[in-house]
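Novice: One structure, as structure tokens, below. Some questions next.
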Amino acid sequence: MSKVSATRTPKKDATGGLPRWNLKDLYSGPDARALNADLGWAEKEAKKFRAAYEGRLARLDGKGLGGAIARYEKLAERLQRIMSYAHLRYVTDLSNPRTGAYFQTM
């Protein structure tokens with residue numbers, strides 16, 4: 001009679017062993033100081049941008065328009081980082097209502 005090993009084979013998780021994103025490359029967590037600082041900066045910068053350029057873009061010369069575009073791109077990049085973090089955090093834990101609520105606040 002042969003002996004059967006008593007060890008169990010490890011269970012695969014629901015993802016089938018797919019890789020997981022390391023979101024710490026973006027922010028250390030949903031309450032991270034860096035994330036809160038970026039949110040605050042983006043809000044202030046968006047208000048400043050609007051005050052500086054609303055209704056004035058057509059009158060800008062090339063240098064002025066280039067400056068406006070550069071400023072807009074800087075703001076857009078920061079917002080994209082924030083939204084990428086929020087979205088990736090959400091899609092990696094769809095069954096968690098708190099994660100969904102967090103994403104909706106962005």
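The values are calculated or read from the model by the stated rules, or taken from the named source; none is laboratory data. Just so you know, these numbers come straight off a predicted model, no measurement behind them. All Cβ positions, glycine included, derive from the backbone under ideal geometry; neighbour counts span all protein chains shown.
Novice: For residues in region 77-106 being more than 27 Å from LEU18 (Cβ to Cβ) and surrounded by fewer than 12 Cβ atoms within 10 Å (Cβ to Cβ), which is farthest from the chain's Cα centre (by Cα)?
Specialist: THR105
Novice: Pairs under 6 Å by beta carbon, first residue closer than 13 Å to ALA86 by Cβ in region 29-52, partner surrounded by 14 or more Cβ atoms within 10 Å (Cβ to Cβ) and at pLDDT 95 or above, six or more apart or different chains?
Specialist: Filtered contacts from region 29-52: LEU35/TYR27; ASP38/ARG78; ASP38/ILE82; ALA42/ARG78; ALA42/LEU79.
Novice: For region 16-23, does any single residue satisfy the condition of being assigned to a helix (DSSP H, G or I), modelled with pLDDT under 95 and surrounded by fewer than 10 Cβ atoms within 10 Å (Cβ to Cβ)? If you could, list the steps in order and put the result at the bottom.
Specialist: Start the filter on region 16-23 by keeping residues that are assigned to a helix (DSSP H, G or I), which leaves 23.
Pick out the ones that are also modelled with pLDDT under 95 and you get 23.
If we keep only those that are surrounded by fewer than 10 Cβ atoms within 10 Å (Cβ to Cβ) too, we end up with none.
Within region 16-23, not a single residue is assigned to a helix (DSSP H, G or I), modelled with pLDDT under 95 and surrounded by fewer than 10 Cβ atoms within 10 Å (Cβ to Cβ).
Novice: Looking only at region 24-42, count every residue that is loosely packed, with under 12 Cβ neighbours inside 10 Å and under 16 Å from LEU88 (Cβ atoms) and tell me the total.
Specialist: Of the residues in that region, 2 qualify.
Novice: Would you mention how many residues in region 88-103 are in a helix (DSSP H, G or I) and either touching a residue at least 24 places away in the same chain (Cβ under 8 Å) or under 15 Å from LEU39 (Cβ atoms) (or both)?
Specialist: Residues in region 88-103 being in a helix (DSSP H, G or I) and either touching a residue at least 24 places away in the same chain (Cβ under 8 Å) or under 15 Å from LEU39 (Cβ atoms) (or both): 4 in total.
Novice: Report, by residue number, each residue of region 49-63 that is in a helix (DSSP H, G or I) and loosely packed, with under 14 Cβ neighbours inside 10 Å.
Specialist: In the first step, residues of region 49-63 are kept if they are in a helix (DSSP H, G or I); the result is 49-53, 57-59, 62-63.
Residues satisfying the conditions are ARG50, ALA51, ALA52, LEU57, ALA58, ARG59, GLY62, LYS63.
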